[in-house]
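Asker: I have a structure here, written as structure tokens, and I will follow up with some questions on it.
The values are calculated or read from the model by the stated rules, or taken from the named source; none is laboratory data. Please read all numbers here as calculations on a predicted model, not as lab measurements. No Cβ is skipped: glycine too gets one built from the backbone with ideal geometry, and neighbour counts run over all protein chains shown. Heavy atoms of the whole protein, side chains included, go into the accessibility calculation; ligands, DNA and RNA do not. Shrake-Rupley method; radii C 1.70, N 1.55, O 1.52, S 1.80 Å.
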Amino acid sequence: MRHSTTLCSLLMAAVSPALAQYSLIRNYSGPNFFEGWDFLDGFDNTTNGDVNYLSQANATADNLVFVNNAGNAIIKVDNTSFVPFNFKRNSVKIISHDYFPIGSVFLFDALHLPFGCSVWPSFWTMGQNWPHGGEIDIMEGVNRATSDQMTLHANPGCVQAPNPVQLGKTAGADCSAGVNSSNGCTVLETQPNSYGEGFNDNGGGVWAAQFDVLGIFVWFWNRSTIPADVSSGSNTVNPSTWGTPSAAWPSSSCNISEFFAPQQLVIDITLCGDFAGQPNVYQQTCGGSPANTTANTCVRPLMTSFSACCMTHEQAFPASKQYIENVINNGTAYADAFFEIRFVQVFAASGSTPLVADGVSGSSTILVTDTSSGTATGSAGSSTGTSPSGNGNGGSGSKENGVGTGEMARVRAGLAMWGATLCAAFIWVLL
């Protein structure tokens, strides 16, 4: 037994750098939370939601984004304006300047999540040249559901392995399912109070996503079960101590390096759309008939015939009950449609650095190493250094810059995991 322990020690020492913790490189928190993000300005062109996304200037002026007295970021749907029939309601979608490569860990700490009939919030990532660069939905909820879900979207060939070690329940294994992988491979959270009123009434919680060559893994913790290295505001985290994840997509059935490019962070709130507006989904928590299970019930179809000019306005633009009861008029239905976020943090393996867009070559976004002084060094409640800037336009560069430097650390991480497994098996045989 002593010899087996010594052998394992030597084996693990050979790959010991892989066991190094992930280090904090971006800390979106406090008064500077909204630095380092782009605000989408326009309609919801990805999920057909019934919203207009506002620029940072307009969202700030309309009080849809601000940092409250507690130092937490608020992102909300407009719940005070009167919206006439056939118009959309204002909301917010923000996208990080930086792209984060394989070898990253993302933390999202929220005290309050948007919820309510027709409400669809999410914290997610989208890859370079999305949707072809993959998508990781870390937190996604709809309507008045009491739990969230986690999903990967990828090109054909990426699937979730059978019987993964996870707490959640797999609802679909093909990550390319749907048009342009719109359905993806989903895992439903089974822990209580991961979304909705229960989440908000119990102090919120934290999500973590590990984006690694060995796979993609998502954890959720309610406020009382957050690991010490996360709750303490440490500048390092160690996912190997976090226990079983809520969702697991190991690389054994999905080559992460092949299907997932460097990822941008996204936070948004849309209304209705392709998910929250589906009759069978809406009906589950908001009532109504589930007879039509494919159409978005929250919005009315556009006028398609010139004969409609002889109709009344309501006849020309027929509206669903959901659209009338939620989106239009005074907005009181959206009193709870807001995020209150303590922080969003990004940690990196040794040698893994954030990237920024530096022009377009053909249909591909060119990425280069972000050389801004945006490395975070403070606790969860503070942010130091200058946030990354720029709008991703112009210039030239190489996509490979800044990506390959972390590859050796990720390879050592894989060796470490296999080494630990072999050691455990070896000792078990001797016993």
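Asker: Long-range amide H contacts for residue 194: which residues qualify at under 5 Å (H placed 1.01 Å from N, peptide plane, sequence gap of 5 or more or a different chain)?
Answerer: 148
Asker: Right, something else. With every protein chain in place, what's the accessible area of residue 150 (1.4 Å probe, Å², nearest 10)?
Answerer: 0 Å²
Asker: Per residue, how much space in cubic angstrom lies within the convex hull of the C-alpha atoms of segment 142-218? Walk me through the numbers before you get to the answer.
Answerer: Working: hull volume 7.5 nm³, N = 77.
Here the figure is 98 Å³ per residue.
Asker: What is the calculated FRET efficiency for residue 325 to residue 180, with r their C-beta to C-beta distance and R₀ = 35 Å, to the nearest 0.05? Don't skip to the end; give the middle numbers.
Answerer: Details: r = 31 Å, r/R0 = 0.88.
Between residue 325 and residue 180 the formula returns 0.70.
Asker: Summarise the long-distance tail of P(r) for segment 15-152 by giving the % of C-alpha pairs beyond 27 Å. Don't skip to the end; give the middle numbers.
Answerer: Values: 2497 of 9453 pairs.
Everything past 27 Å amounts to 26 percent.
Asker: Could you tell me what fraction of 2.2 N^0.38 Å the Cα radius of gyration of segment 198-288 comes to, as a two-decimal ratio? Let's see the in-between values first.
Answerer: On the way: Rg = 16.9 Å, N = 91, 2.2 N^0.38 = 12.2 Å.
Expressed relative to 2.2 N^0.38 Å, the Cα Rg reads 1.38.
Asker: Another question about this same structure. How do 93, 76, 169 stack up against each other in accessible area, from largest to smallest, with a 1.4 angstrom probe?
Answerer: Details: 93 10, 76 45, 169 130 Å².
I get 169, 76, 93, largest accessible area first.
Asker: To continue, here is another question. Roughly how many Å is it from the Cα centre of segment 25-74 to that of segment 178-217, as a whole number?
Answerer: Measuring centre to centre over Cα atoms gives 21 Å.
Asker: For segment 105-202, what is the accessible area per residue in Å² when the probe is 1.4 Å? Spell out each step's value before the answer.
Answerer: Working: 3350 Å² over 98 residues.
Dividing the accessible area of segment 105-202 by its residue count gives 34 Å².
Asker: I need the phi-derived Karplus couplings for segment 139-154: 6.51 cos²θ - 1.76 cosθ + 1.60, θ = phi - 60°, integer Hz, Gly and Pro marked x.
Answerer: 9, 8, x, 9, 6, 10, 4, 10, 9, 9, 9, 10, 8, 9, 10, 8
Asker: Separate question: For segment 124-206, with all protein chains present and a 1.4 Å probe, just round the carbon and sulfur fraction of the accessible area to a whole percent. Walk me through the numbers on the way to the answer.
Answerer: Details: 1650 of 3230 Å².
Carbon plus sulfur share of accessible area: 51 percent.
Asker: Assuming R0 = 60 Å, can you tell me the calculated FRET efficiency for the pair residue 68 and residue 360, based on Cβ-Cβ distance, to the nearest 0.05?
Answerer: Numbers: r = 38 Å, r/R0 = 0.63.
Working from the Cβ atoms, E equals 0.95.
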